[in-house]
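The structure appears below as structure tokens.
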Amino acid sequence: MRRIVGPIGIGFLLTVLSSVVFAGDRQAPVAQPGLPPAACSTATSGVADQLAKIANAEGVRFLILGEIHGTMEIPRLVAEAACAISRARPVVVALEIHTQAQADVDAYLGSDGASDARNALLEGPAWALRTADGRSSLAMFDLIEALRKMRQQGAPIDVVATRAFAPEGLPQAYSEIMMAAAWTEAAGRRPDGLVLALVGRVHAAKVPNSRLKLRPAAELLPKDSTVALGIGAVSGSFWGCGTDDCGPQDLPQLPTSPEIGVMLDAEDPLFDGRFVPSLQLTASPPARKAALQ
């Protein structure tokens with residue numbers, strides 16, 4: 001496995017964070033600090049520990065992962081990374097779930113995870129089958145379930161829904177502003193913690209998007225306290241929506257196996273580096289569809 005370049009070794013990871021100002025009065029239940037789980041899963045071959053090393057560097061407040069929606073492996077990596085990071089500092093996991101679903105997420109996190117609680121969460125509009133483009137996958141539900149269990153064991157982990165739609169008539173650029181504001185508010189929940197965001201690549205980029213004519217949400221955050229990583233080249237499949245229907249979609253086959261790990265480099269000008277959780281990605285079906293089977 002390729003290791004992170006140097007002992008982090010990038011100036012912006014060592015810059016002291018400016019204070020974060022946040023607004024809004026929406027406040028979900030906050031997990032009380034306590035002993036984190038004794039051990040975290042290692043299914044992603046140590047990549048989670050590499051992410052934790054970056055996340056726990058001095059001055060870092062935001063770690064943004066730009067993913068391919070609808071895979072089994074990436075949400076699993078986020079669960080393992082949150083566990084690893086929580087050993088050193090509180091974590092707020094920011095998911096690309098609509099902000100209107102926050103009450104449902106909070107209720108599930110505070111539940112015993114039984115079937116009634118699970119069904120109540122999955123009946124919400126965020127998990128509707130008609131919009132099952134990967135953000136409402138079974139793997140995403142499993143991520144929330146893993147975080148619920150960690151919280152019950154005392155891990156200082158919160159979960160926030162940060163996908164927002166701009167008012168009708170306004171372009172996506174306004175949605176990016178709203179997402180960045182939600183991440184900033186999440187940082188205010190845990191002044192000594194880290195915001196670990198899992199979103200699509202468009203939102204995670206740190207440079208303006210000329211094609212879509214917008215500034216991505218990650219580009220709107222303080223640069224010296226934000227690390228953005230994009231998913232690296234990888235084969236396999238994901239659950240996504242085409243022109244006619246949603247279902248498993250194939251990724252291009254690579255001529256050679258990808259390097260598993262986190263690479264901080266300038267290969268992709270949109271991000272500070274890349275992450276590859278597995279040799280291949282696997283499509284994860286919609287959580288509500290799986291629950292109905």
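Observations
- By the equivalent-ellipsoid construction on the alpha carbon gyration tensor, the stretch 37-145 comes out with semi-axes of 25, 15, 14 Å, ordered largest to smallest.
- Computed P(r) (all Cα pairs; the stretch 46-292; 10 Å bins; percent): 8, 32, 40, 19, 2
- Remark on residue 160: its backbone amide H falls under 5 Å from those of 93, 94, 95, a criterion applied only to residues 5 or more positions apart or on other chains, H modelled at 1.01 Å from N.
- Between the stretch 236-254 and the stretch 119-176, the Cα center-to-center distance that results, in Å: 21 Å
- From least to most packed, judged by other beta carbons within 10 angstrom and beginning with the fewest, 168, 96 follow the order 168, 96.
- Exposure proxy ranking, count of Cβ atoms within 10 Å, fewest first, for 203, 98: 98, 203
- Taken along the Cα-to-beta-carbon direction at a fixed 7 Å, the label points for residue 88 and residue 291 span 3.6 nm.
- The order of the peptides 187-195, 221-229, 124-132, 155-163 by mean Cβ neighbours within 10 Å, most packed first, is 155-163, 221-229, 187-195, 124-132.
- Taking amide H as placed 1.01 Å from N in the peptide plane, the amide H of residue 240 sits under 5 Å from that of 247, 249, each at least 5 places away or on another chain.
- The mean sequence distance of close C-alpha pairs (under 8 Å, at least 6 residues apart), as a share of the length of the stretch 46-292, puts its relative contact order at 30 percent.
- Across the stretch 230-238, coupling constants 3J(HN,Hα) worked out from phi with the 6.51/-1.76/1.60 Karplus curve, θ = phi - 60°, read x, 4, x, 5, 7, 8, x, 8, 8 Hz, and Gly and Pro carry x.
Readers should treat all values here as calculations from the given coordinates under stated rules, not as data from a laboratory. None of the values given here were measured: they were computed from a predicted structure. FYI the Cβ positions are ideal-geometry reconstructions off the backbone, even for glycines, and counts take in every protein chain you see.
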